[in-house]
Structures are given as structure tokens and as C-alpha cells.
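See structure below.
The values are calculated or read from the model by the stated rules, or taken from the named source; none is laboratory data. As the structure is a computational prediction, the values presented were derived from the model and not from experiment. Cβ placement follows ideal geometry from the backbone for every residue including glycine, while neighbour counts extend to all protein chains displayed.
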Amino acid sequence: MRAWLMSSYEGVEKLYLGDVPDPQPGPDQVLLRVRCAALNPADAFLAQGMYPVKPPLPHVLGRDGVGEVLAVGAGVATARVGQTVGILRGPTGIEAWGTFAEKAVVPAANIVRIPQGWSLEETAGAPLVFLTAWQALTQWSEPAAPPRPGSVLLVTGASGGVGTASVLLGKSMDQCVVALSRSAAKGVKLKDLGADFVLN
Ligand SMILES: NC(=O)c1ccc[n+]([C@@H]2O[C@H](COP(=O)([O-])OP(=O)(O)OC[C@H]3O[C@@H](n4cnc5c(N)ncnc54)[C@H](OP(=O)(O)O)[C@@H]3O)[C@@H](O)[C@H]2O)c1
């Protein structure tokens, strides 16, 4: 298969298209034909060696994506060949080769159905940043409490991946969203996304 290969930690600009053997699914894994893959800032950090994990080289980046199930490994009962599924976190693109390739092997535990009404592009682009924002908004330990409806939510870096997800989730939770951006043009987009206030 063709894959965007990373053979140094010099950034995504140094990725190159190469041919590698097709991956095979092991037990509890599925083989996907990648339909859409998303470039996340986390991928770009990893490519510069600025991520907690440094996989052996060559590596294939890509943590987010959508693909068609081509084959399933032993013990997989939750996916069938021909299904189109999304990827929900897991080792893909970090410890294992990722979605910047024609095919990717993903743990069956990390695949999900495409939510009704979602495009393939949306399903490929949303998981990592939305799960991160969801954790920040909901997973607080005692004695702190997660923000309630009506709380003021201050989103720094609001125009980025996690930021825009936080703005959208915060509004869906009826919070008053204050979004920060250094850019007037991005500020206009943040208002369009529903931010109540945008500050530079
Ligand atoms: N992406 C993920 O899935 C993920 C997962 C876990 C943790 N994180 C962490 O979450 C944070 C945001 O990640 P991201 O992926 O959303 O990044 P991102 O898409 O690059 O967005 C970061 C935003 O921060 C703002 N920014 C950049 N440099 C700045 C500076 N010097 N001063 C003020 N604002 C600045 C920019 O907004 P303006 O240009 O509009 O000011 C930019 O849009 C990072 O710390 C990342 O490590 C990300």
C-alpha cells in the first residue's frame, strides 16, 4: 500500500509517499481501507519529537480517520467486512501506524459507527479534539465541580481544534462562552460558532 512515511523527527513537511507491505489485522483488530484522515496538531507535534511518545521510525502518522472494514482479526464480533467506521482514540498513529495510508490496522475496541447525519469528513476530524474538550468540560474530581448551565466558560486558544470543540460543547451545555483569539478574522468565525463574547 501507499503511505505517508515519517523517517525523521523534522516535522510533517518531511513526510514522503512510499510503498510498504499491507498491514494484517491481529486478534481483536480490524483492517480498514482509509477513506478520510485528519491532520491534528498532535500529529504535527509528534512529527517534531514534541510529543510524550516517540515511535520507532519509519512511522505513519494519523490518529483520526474513517475507513471501510476490509478484514477482521480473530475474536472480533463487533465489526463486519464492508462497514464504514470511525476511529475513537487508541494507539493508532502513536504506538501503531496511523491513518495517513491507504490501509490501517485499528483495535476493534476503538472503532465506532458513523453517527447519524455526520459526514465522513466530520467523523474523521472530530474525535480527538472533541473528546479532549469533553474531558476538560466534564471530568473534574472533588472538590471541584464541572461547569453547570449558565457558568461562564473561558476558552483560551478558542480558534484551535480543542478550542472550537470547547466552544461548541460549551454552548450545547448552555454555558456562557467567552472565547479568546489573537485574530479578528478568527474571532468573527468564533462568533459564528456561537461564542457569546470574543476577546483578543
Ligand atoms: N488536538 C488534540 O487532540 C489535543 C489533545 C490533548 C491535548 N491537546 C492540547 O490542547 C492545546 C490546544 O491544542 P489544539 O490541537 O487545539 O491546538 P491548535 O489547533 O494549534 O490551536 C491552538 C490555538 O491557540 C492559539 N495560540 C497559539 N499560539 C498562541 C500564543 N502564543 N498566544 C496565545 N494564543 C496562541 C491560536 O489561536 P489564535 O491564533 O486564534 O490566537 C490557536 O488556534 C495544546 O496545549 C495541546 O497540546 C490537544
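Figures for the structure shown
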{"quantity": "From E68, E10, residue being assigned to a strand (DSSP E or B), at negative phi, away from the ligand (no atom under 13 Å from the Cβ) and more than 16 Å from the chain's Cα centre (by Cα)", "calculated": "E68"}
{"quantity": "Segments classed as strands (runs of 3 or more DSSP E), wholly inside the range 96-200, with at least 1 members that are at pLDDT 95 or above, within 13 Å of the ligand (Cβ to nearest atom) and surrounded by 17 or more Cβ atoms within 10 Å (Cβ to Cβ)", "calculated": "152-155, 176-180, 197-199"}
{"quantity": "Some residue of the range 69-79 being within 24 Å of S159 (Cβ to Cβ) and exposed (fewer than 13 other Cβ atoms within 10 Å of the Cβ)", "calculated": "no"}
{"quantity": "Tabulated pairs, the range 66-79, first over 15 Å from G26 (Cβ atoms), second outside any strand (DSSP E or B) and hydroxyl-bearing (S, T, Y), C-beta under 6 angstrom, 6+ apart or interchain", "calculated": "V66/T123"}
{"quantity": "Lone unmet requirement of (1) touching a residue at least 12 places away in the same chain (Cβ under 8 Å); (2) on the phi > 0 side of the Ramachandran plot for G117", "calculated": "(1)"}
